[in-house]
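The values are calculated or read from the model by the stated rules, or taken from the named source; none is laboratory data. It should be emphasised that the depicted structure is a prediction, and the values quoted were computed from it without experimental measurement. When we count neighbours, we look across all protein chains shown, and the Cβ atoms used for this are built from the backbone with ideal geometry, even at glycine. Quick note on the areas: whole protein, heavy atoms, side chains included, nothing else; ligands and nucleic acids left out. Shrake-Rupley method; radii C 1.70, N 1.55, O 1.52, S 1.80 Å.
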Amino acid sequence: MGRIIAIANQKGGVGKTTTAVNLAAALALAEEPTLLLDLDPQANATRGVGLSREEGRPGTYEWLTGAAGDAEVVRPVSTERLSIIPADRNLVGLEVEMAQEEGREFLLRNRLERLRDAHRFILIDCPPSLGLLTLNGLAAADSVLIPVQCEYLALEGISEMMGTLDRIRAAVHPALEIEGILLTMFDERTNLARQVVEEVRNFFKEKVFDTIIPRNVRLSEAPSFGQPIMLYDVRSKGSEAYLALAVEVLRHEQAKSPR
C-alpha cells in the first residue's frame, strides 16, 4: 500500500510546489511508481510537469465531485513511473461547494484509498492557505512534509504550521505524522541563511531533513519549460538536492516498513 505525503505550508513562496514536483520526479526516477496530486487551483504543479490547465478536460475538481473516475484523471507525464491528477481554476469554487457536505474533510481521503495500491508514493501539493482543500489534503495524508524558506521569521512560520497540525490531529486525523521539515532557498553566501538553518535544527532536531535545497537559477527556470529539474538539468545543484531528498524519504520509509 502506497504512502501518502502532503506537502504543505500556510505561507506561500516557500518552495512548496517546487518540492512537490521535484520530489515526485526523483522518487519516480528511483523506480518507485509515484502519483502527484495537484490540489492547488493555481495549478503550478500541473504546469511544472508539462501539462497545461486544459479547460474541459477532467482533473482534480471533476474527480473530487464524482464527475470523473480514476482512469479519466490520472495522466502519465514525461518522467517514467510518474503520473499526475492535474488541477485547473475550477478548484477555486470547490471549497464553497463542499461547505455543506457531510464528511467534507474526508472527501479526498475516500478517493485516494482506491489509488494507494497502484502507487508506492502519492504526493499532494496543497494550496498555500488553510481552507477545506488543504484540510482535505492533510486529512488524507499519512504524513506532512513542511518546506520552510531560509529567511527571517522562519521559526515563527513553522510554529504556526505545527499549531495547525495539532488542531488537525485533535479534530480529524490523530495519526498524522510529520515526514520532515525541509529547508529551502538556502543562500550559502548570507549569514542569515546559515543562522536560520542552525536555529531550525536546534529547535526541531531530528524532524529536519539533512538535505537543504539551495537557491538555484536552474531550479527556478525548470517550471517554465514544464520539466522537473532532473530532466531540465540533472547536473545542477537543485537536481542533486532533490535526488538526495528522495533518498532520505526512501530511507525513512524503509526504516518504518522494510520490504
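When the helices (runs of 4 or more DSSP H) confined to the stretch 211-259 are screened for residues that are of a type in the set (K, R) and either touching a strand residue (DSSP E or B) at 6+ places or on another chain (Cβ under 7 Å) or more than 12 Å from N22 (Cβ to Cβ) (or both), those reaching at least 1 such residues are found at 237-256.
Residues of the stretch 93-106 that are in a loop (DSSP other than H, G, I, E, B) and either open to solvent by 40 Å² or more (accessible area, probe 1.4 Å) or in contact (Cβ under 8 Å) with a residue 24 or more places away in the chain (or both): A99, Q100, E101, E102.
Considering the conditions (1) part of a loop (DSSP other than H, G, I, E, B); (2) modelled with pLDDT under 95, Y61 is excluded by exactly one of them, (1). The residue list A175, A170 contains one member that is in a loop (DSSP other than H, G, I, E, B) and farther than 23 Å from V247 by Cα, which is A175.
For the stretch 134-146, check the following and say yes or no: at least one residue is without any contact (Cβ under 8 Å) to a residue 40 or more places away in the chain and outside any helix (DSSP H, G or I). Within the stretch 134-146, none of the residues are without any contact (Cβ under 8 Å) to a residue 40 or more places away in the chain and outside any helix (DSSP H, G or I). Taking the stretch 241-257 as the range and being open to solvent by 70 Å² or more (accessible area, probe 1.4 Å) and β-branched (V, I, T) as the test, only V247 passes. Residues that are touching a strand residue (DSSP E or B) at 6+ places or on another chain (Cβ under 6 Å), within 23 Å of K256 (Cβ to Cβ), at pLDDT 95 or above and in a helix (DSSP H, G or I) are absent from the stretch 120-132 altogether. Somewhere in the stretch 226-240, is a residue closer than 16 Å to V148 by Cβ and either surrounded by fewer than 17 Cβ atoms within 10 Å (Cβ to Cβ) or modelled with pLDDT of 95 or more (or both)? The answer is no; no qualifying residue exists. Tally up the residues in the stretch 23-40 that are open to solvent by 10 Å² or more (accessible area, probe 1.4 Å) and part of a helix (DSSP H, G or I), please. Residues meeting the conditions: 1.
Scanning the stretch 193-210 for residues that are assigned to a helix (DSSP H, G or I) and either polar (S, T, N, Q) or in contact with an Asp or Glu (Cβ under 7 Å, 6 or more places away or on another chain) (or both) yields A193, Q195, V196, N202. Note on the stretch 158-214: residues that are touching a residue at least 60 places away in the same chain (Cβ under 8 Å), of a type outside the set (V, I, T) and open to solvent by less than 20 Å² (accessible area, probe 1.4 Å) total 4. Out of E160, E188, one residue alone is over 17 Å from the mean Cα position of the chain (by Cα) and assigned to a loop (DSSP other than H, G, I, E, B). It is E188.
Of the residues making up the stretch 41-92, those that are among the hydroxyl-bearing types (S, T, Y) and open to solvent by 10 Å² or more (accessible area, probe 1.4 Å) number 5.
If a residue must be under 13 Å from the mean Cα position of the chain (by Cα) and either modelled with pLDDT under 95 or under 13 Å from V249 (Cβ atoms) (or both), how many such residues does the stretch 27-39 contain? The qualifying residues number 2.
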